[in-house]
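Single-structure report; data block below.
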Amino acid sequence: MVFSSLEQALDGEVRNDMMTKQIYSVDASILEVAPDVVVLPKNERDLIKTVQIARDLAVPIVPRGGVDQM
């Protein structure tokens with residue numbers, strides 16, 4: 001339900017394939033937690049809609065910034 005709601009509402013990309021979830025499941029820590037959905041917003045409207053949909057469906061948002069190899 002979350003994926004389809006986001007996919008219909010956003011101009012940017014909404015992904016839930018295994019490869020994307022694996023890529024976004026790691027960071028510089030030892031933890032590995034795969035997301036249910038990855039949103040790649042195209043504009044400010046996408047950000048606003050993403051937060052609204054997540055709020056309406058009681059789905060947590062975990063933001064991710066730029067990643068480096070430090």
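The values are calculated or read from the model by the stated rules, or taken from the named source; none is laboratory data. If you're wondering where the values come from, they're calculated on a predicted model, not measured in any experiment. Note that we place each Cβ from the backbone using ideal geometry, even for glycine, and neighbour counts take in every protein chain shown. Surface accessibility is based on the protein's heavy atoms, side chains included, excluding ligands, DNA and RNA. Shrake-Rupley method; radii C 1.70, N 1.55, O 1.52, S 1.80 Å.
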Taking θ as phi - 60°, what are the ³J(HN,Hα) couplings along the stretch 25-37 by the Karplus curve (6.51, -1.76, 1.60), each to the nearest whole Hz, with x for Gly and Pro? 8, 10, 9, 6, 8, 8, 6, 9, 10, 6, x, 6, 8
Projected label distance in nm at residue 58 and residue 25, using a 7 Å step from Cα toward the beta-carbon: 2.6
At 1.4 Å probe size, with the rest of the protein present, what percent of the exposed accessible area of the chain is carbon and sulfur atoms? 57
Among 58, 19, 43, whose Cα sits farthest toward the positive end of the charge dipole of the chain (+1 at Cβ of Lys/Arg, -1 at Cβ of Asp/Glu, about the Cα centre)? 58
Compute, for the chain, the length of the dipole vector about the Cα centre, with Cβ point charges of +1 (Lys, Arg) and -1 (Asp, Glu) only. Units Debye, rounded to 20. 140
The summed charge of the residue 42 Cβ neighbourhood (under 10 Å; Lys/Arg +1, Asp/Glu -1) stands at -3
Summing Lys, Arg as +1 and Asp, Glu as -1, what charge do residues with Cβ under 12 Å from the Cβ of residue 11 carry, residue 11 excluded? -1
